[in-house]
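See below for the structure under consideration.
Here, each number is a calculation from the coordinates, and none is a lab measurement. A quick note: this is a predicted structure, and the numbers were derived from the prediction, not measured. A quick note on method: Cβ atoms are made from the backbone with ideal geometry, for glycine too, and the neighbour counts reach across all protein chains shown.
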Amino acid sequence: MSDQPKLGRGRLSRRTFLRAAGVTGAAALGPAVLRRRAEAQETPSPVRPDPAAKRGGTLRYAVHNAPAHFDVHQSGTVANIGPQSPMYDCLIRRDPKDGQAIIPDLAWKWDISPDGKKYTFYLRKGVKFHDGADFTADDVKATYERIVRPPKGVVIPRSSLFTTVGDIVVVDPLKIEFRLTEARPKAFMLGSFASGWNIIVRKKTLEENQGNLRQVMNFPGTGPYKHVSRRDKEIWIMEKNPNYWNKGLPLLDKLEIYHMMPFSPELGSSFLSGKIDYARLMDPVSWRKAKEMPNVTAAAFNQSVIQAFWMNMKKKPLADPRVRRAIHLAMDRPTLVEVVKDTAPMQIGGFVYPFHEMSTPKAELVKRLGYQTDMKPAVQEARRLMQEAGYGQGIKGLDFVVRDIQTFKLWAVAIQAMLKEHINIETNLRTVQTSVWFDEAAAGNFDLAISAIVSSLMDPSDYFTAWYGANGPQNYSGWNNEQFQALAKQIERELDDTKRKAMVRKAEDILEQDPPLIPISYEQIYDAYYNKVKGQNPSTFFGIYDVCRWDNVWLAQS
Amino acid sequence: MRKYLARRALFALGTLVGVSLIIFIVLRILPGDPLVAILGVEGHARMTPADRVRIMQDLGLSDPLPVQYVHWLRDIATGKLGKSFFRGDTVAELILHRGPISAEIGLLALIVSWLVGLPVGIVSAIKPNSWADNVARSLAILFIAIPGFWLSMLIVLALLFWFGYKAPLIIVHFWESPWQNLQIVIGPAIVLGLAQGAYIARMSRSCLLEVIGEDYVRTARAKGAQERHVVLGHALPNALLPVITISGVLLGFVLGGSVAVEQAFGVPGLGRSLVTALIERDIIVVQNLVLLYAVIFVLVNFFVDLSYAWLDPRIRYA
């Protein structure tokens with residue numbers, strides 16, 4: 001018997017071989033082919049028009065609308081994002097339904113590698129900029145290269161969110177990879193990509209303007225509305241983008257965005273008189289009036305701003321953590337919130353956003369020394385600490401620099417009285433214009449200095465570095481605590497949410513004992529709108545920077 | 001006359017050069033960094049020294065001061081008046097768009113001040129220390145004492161809460177819609193006009209009282225002329241000269257007052273632009289607007305001087 005294979009029946013003929021090879025090959029390649037087909041099948045945007053929605057009409061919206069420049073990436077103020085956001089899209093975004101969930105935008109899908117070091121975004125086909133150009137991965141790369149590594153003379157506050165982004169690789173015109181040098185928590189990275197500030201700009205636009213769009217008013221976006229006209233400090237008019245990629249949106253024909261300063265009586269009176277349909281950042285007095293109106297919704301929601309005062313660590317008494325803790329405990333926070341109740345809406349909080357899942361819950365916080373309504377125990381402890389630090393008789397002549405804004409002026413007087421009454425610290429108030437305040441703070445020409453600072457994300461890893469980091473840009477106190485810095489680094493790298501939460505709580509404890517600043521309160525936003533405005537529910541939003549595109553908003557009556 | 005005009009024009013030019021130098025220097029020694037407003041608080045905090053150098057160069061603020069001053073003069077000569085630090089708008093565009101609204105407010109305020117002040121002054125002078133005079137004088141003092149911005153806020157609130165009314169939110173020029181335009185300018189014009197009218201009433205009363213006691217007025221009465229003719233035909237023209245002088249000065253107050261009143265009424269005029277530019281440390285806008293106000297003030301006073309000769313033929317210019 002030969003071991004040779006036999007030809008004929010039962011033997012492997014050439015045809016059988018080729019067929020078998022074909023089937024095998026198809027079996028092997030099939031899933032890949034099918035997968036590719038599935039990938040090509042873009043999922044539509046989760047932002048769909050309300051089936052009951054009426055189309056057409058003009059929304060008259062009022063918001064701070066006098067930006068110092070037009071470069072959204074370089075900005076940190078609502079004066080840019082408020083009026084400009086409707087003209088642009090991001091890679092991914094926060095769901096306008098609740099302002100919380102992260103959903104697709106220009107990227108219809110994304111993958112994160114198991115080691116958390118590679119984020120791949122799949123981009124929508126057929127998206128066009130307002131000037132008719134095709135949107136491709138090159139535009140995303142140009143946008144993010146600029147955000148991550150801004151050119152000289154370009155300052156982008158969100159660069160710090162992407163410090164671990166190494167290479168940005170265009171895989172094909174509709175696929176782009178972000179390769180991280182070190183993994184970061186998913187929530188942090190996705191939150192960073194979904195930040196409303198990170199609008200996608202055309203590569204060509206950036207090249208034509210040497211990477212600086214400060215003086216380019218109408219650079220093309222892919223957003224639901226297109227620029228029509230703008231009058232400085234008056235009005236910005238936009239019209240519906242008929243070629244918007246998200247078919248069926250936007251629902252409005254036109255947006256009239258009026259310039260009104262936040263908390264101004266002018267904004268309040270314009271809304272109450274019916275000259276505008278939607279008012280953002282209303283003063284509490286007008287907002288309360290609006291709330292009483294039958295056809296109006298008055299919404300309050302959290303904002304990403306901490307109101308605080310800093311203590312110059314280079315000044316001897318303030319370098320002592322016991323003195324700073326005593327100052328922290330001497331603050332009657334419920335009263336401080338009350339003092340400004342007619343000027344700006346505020347809520348009590350500590351060193352971490354009080355409404356964030358990782359911070360000490362409010363119910364627990366208000367039982368803590370320094371946050372209680374009954375000041376006696378806190379004041380007693382403050383006095384003990386001052387005694388222990390050798391300042392039982394108090395401190396005289398501290399220079400208290402006050403930013404020339406109504407809330408800070410009101411608070412400064414109240415804080416001055418609290419410091420004097422509770423721990424015998426005497427301060428001299430020095431009110432200065434905003435730009436002078438920042439000069440003085442940066443130069444360290446102060447003992448105490450009151451102002452407010454903002455963050456892009458609610459995630460502590462964003463602001464722990466900026467506010468409390470040893471060289472943080474907003475660490476005006478010049479504070480440093482090695483234990484905290486080491487913990488902050490661990491929090492940045494920890495991918496397990498439960499472990500992270502425990503670490504954030506530990507960090508809070510350190511900050512309570514060795515305060516880098518004295519938190520006064522956290523800002524809230526008051527919006528009001530006539531009930532004919534539908535599709536907008538800001539009550540669960542975090543801040544005013546992520547959800548302000550108006551693509552799913554409609555008017556019940558034009 | 002020509003010599004006089006030339007001399008006055010030279011003085012006016014000297015005054016304006018002086019104003020331009022003062023405002024230029026003051027704005028550059030004022031504390032405060034315009035980059036805070038340009039980059040925002042967060043951007044400013046993250047700016048590196050190299051970024052600062054680059055941005056200051058872009059804004060033209062790295063040049064030596066004399067060079068910056070010459071650049072400004074060049075911009076004035078070309079009519080562009082320079083570019084705002086923010087958004088890149090030219091100051092000339094700003095003035096062309098907002099200037100007409102502020103000019104209307106100023107002009108209307110002047111008319112209101114005369115329409116209110118002069119009759120009140122005449123009534124007070126004809127019947128001094130009567131109840132009408134007392135009421136008029138009390139009201140005059142009241143309107144001088146009340147701050148314009150406060151009265152403006154009261155008017156805005158009263159219109160809102162009693163009538164649910166608010167003036168148009170954006171500039172509507174007279175030639176676009178006279179009715180809407182009037183709604184924008186009338187409030188500030190009345191507030192500013194009433195305050196200036198109070199000065200005019202006081203001034204016209206005292207001048208008229210003085211003139212009424214003159215020999216030629218007594219002669220007119222002795223000739224049997226009607227009291228109305230005596231006051232309006234003989235006394236008033238001679239009493240008006242100081243009132244016209246003070247009107248020129250008052251226009252300065254109107255310009256100054258319009259800054260706060262425009263702000264209170266929410267009128268986007270030049271006064272409001274000046275306030276915003278000061279807050280933003282947009283020195284290019286501030287220096288041009290202050291210079292514009294100075295030019296207007298100098299010109300008005302120049303024409304007031306010229307009008308003396310027309311009103312009083314005894315005055316001749318040497």
Q) With Cβ to Cβ distances under 13 Å as the rule, what net charge do the other residues near B:Gly32 carry (K, R +1; D, E -1)? A) -3
Q. Which angle from 0 to 90°, rounded to the nearest 10, does the C-alpha axis of helix A:406-423 make with the longest principal axis of chain A?
A. 60
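Can you pick out the pairs among A:Lys367/A:Lys501; A:Lys409/A:Lys532; A:Lys109/A:Lys362; A:Lys314/A:Lys409 whose Cα atoms lie more than 31 Å from each other?
Values: A:Lys367/A:Lys501 20 Å; A:Lys409/A:Lys532 38 Å; A:Lys109/A:Lys362 36 Å; A:Lys314/A:Lys409 25 Å.
Exceeds cut-off: A:Lys409/A:Lys532; A:Lys109/A:Lys362.
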Q. If you place +1 on the Cβ of every Lys and Arg, -1 on the Cβ of every Asp and Glu, and leave all else neutral, what size is the dipole of region A:97-169 about its Cα centre, to the nearest 20 Debye?
A. 100
Q. Mind checking the angle between helix A:482-493 and chain A's longest principal axis? C-alpha axes, 0 to 90 degrees, to the nearest 10.
A. 30
Q) With point charges of +1 on the Cβ of Lys and Arg and -1 on the Cβ of Asp and Glu, referenced to the Cα centre of region B:190-318, which listed residue (B:Leu306, B:Met203, B:Val231) lies farthest in the positive direction of the dipole? A) B:Val231
Q.
Around A:Ser75, under 13 Å between beta carbons, what's the net of Lys plus Arg minus Asp minus Glu among the other residues?
A. +2
Q) For chain A, what's the relative contact order in percent, using C-alpha pairs closer than 8 Å and at least 6 residues apart? A) 21
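Give the average, rounded to an integer, of partner chain Cβ atoms located within 10 angstrom of each Cβ in A:64-70.
Per-residue shielding by partner chains comes out at 5.
Apply the a/c threshold of 1.5 to the C-alpha gyration tensor of region A:425-558 and tell me whether it is rounded, prolate or oblate. Kindly include the intermediate steps, with their values, before the conclusion.
Numbers: a/c = 2.76, a/b = 1.41, b/c = 1.96.
Judged from the Cα gyration tensor, region A:425-558 comes out oblate (a/c at least 1.5, b/c at or above a/b).
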**Q.** Neighbour-count order for A:Asp253, A:Asp115, fewest beta carbons within 10 angstrom listed first
**A.** A:Asp115, A:Asp253
Q.
Taking 0.36 nm per residue of sequence separation and subtracting the Cα-Cα distance, how much length would be gained by fully extending the chain between A:Lys316 and A:Thr58, in nm to one decimal?
A. 87.0 nm
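Please rank B:Thr245, A:Thr498, A:Thr335, fewest neighbouring Cβ atoms within 10 Å first, as an exposure proxy.
Numbers: B:Thr245 16, A:Thr498 8, A:Thr335 13.
Taking fewest neighbouring Cβ atoms as first place, the list is A:Thr498, A:Thr335, B:Thr245.
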Q. Which of the aspartates and glutamates could be linked to B:Lys3 by a straight reach, that is with a Cα gap under 16 Å, when you skip same-chain ones fewer than 8 residues away?
A. B:Asp305
Q: Could you tell me the distance between the Cα centroids of region B:1-42 and region B:202-264, to the nearest Å?
A: 34
Q.
Students often forget the sequence filter, so: which aspartates and glutamates lie under 20 Å Cα-Cα from B:Lys127 once same-chain residues fewer than 8 apart are removed?
A. B:Glu210, B:Glu214, B:Asp215, B:Glu227
Q.
Which one, A:Ile168, A:Asn243, A:Ala378, projects farthest toward the positive side of the charge dipole computed for the protein assembly as shown from Cβ point charges (K/R +1, D/E -1)?
A. A:Asn243
Q) If you keep only loop residues by DSSP, which GluC sites (Glu not before Pro) in region A:274-366 have at most 15 other Cβ atoms within 10 Å of their Cβ? A) A:Glu357
(Q) As a footprinting exposure proxy, order B:Arg28, A:Arg124, A:Arg549 by other Cβ within 10 Å, with the fewest listed first. (A) B:Arg28, A:Arg124, A:Arg549
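Could you work out the mean count of beta carbons from other protein chains within 10 Å of each residue's beta carbon in A:435-443?
Rounded to a whole number, the mean comes out at 5.
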Q: Treating cross-link reach as a plain straight distance, find the aspartates and glutamates whose alpha-carbon is under 15 Å from the alpha-carbon of B:Lys83, omitting any fewer than eight places away in the same chain.
A: A:Asp232, B:Asp58, B:Asp75, B:Glu93, B:Glu280, B:Asp282
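Taking only complete DSSP H runs, can you tell me which helices of chain B stretch 30 Å or more along their own long axis by Cα positions and average at least -1.0 on the Kyte-Doolittle scale? If you can, show how the numbers build up before the last one.
Details: long enough: B:2-29 (40 Å, 1.39); B:91-126 (50 Å, 1.64); B:178-212 (44 Å, 0.89); B:236-265 (38 Å, 1.54); B:283-311 (41 Å, 2.05).
Sorted by number, the helices that extend far enough and score high enough are B:2-29, B:91-126, B:178-212, B:236-265, B:283-311.
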Q. Using alpha carbons only, how many degrees (0 to 90, rounded to 10) separate the axis of helix A:376-388 from the longest principal axis of chain A?
A. 80
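Dipole size in debye (nearest 20) for region B:164-318 around its Cα centre, Lys and Arg Cβ +1, Asp and Glu Cβ -1?
Charge dipole of region B:164-318: 400 debye, to the nearest 20.
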Q | Of A:Lys97/A:Lys226; A:Lys289/B:Lys166; A:Lys291/A:Lys534, those spanning more than 20 Å from alpha-carbon to alpha-carbon | A | A:Lys97/A:Lys226
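Per DSSP H run of at least 4 residues, take -39500 (n - 2.57); add these up for chain A, divide by its residues and hand me the 222 nm value, nearest 500 deg cm²/dmol.
On the way: 17 runs with 180 residues, N = 558.
After summing the helix terms and dividing by residue count, I get -9500 deg cm²/dmol.
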Q: Might you report the magnitude of the Cβ-based charge dipole of chain A about its Cα centre, with Lys and Arg at +1 and Asp and Glu at -1, to the nearest 20 debye?
A: 2080
(Q) Can you classify region A:80-196 as rounded, prolate or oblate using the Cα gyration tensor, where a ≥ b ≥ c are the square roots of its eigenvalues, rounded means a/c under 1.5, and otherwise it's prolate if a/b beats b/c and oblate if not? (A) rounded
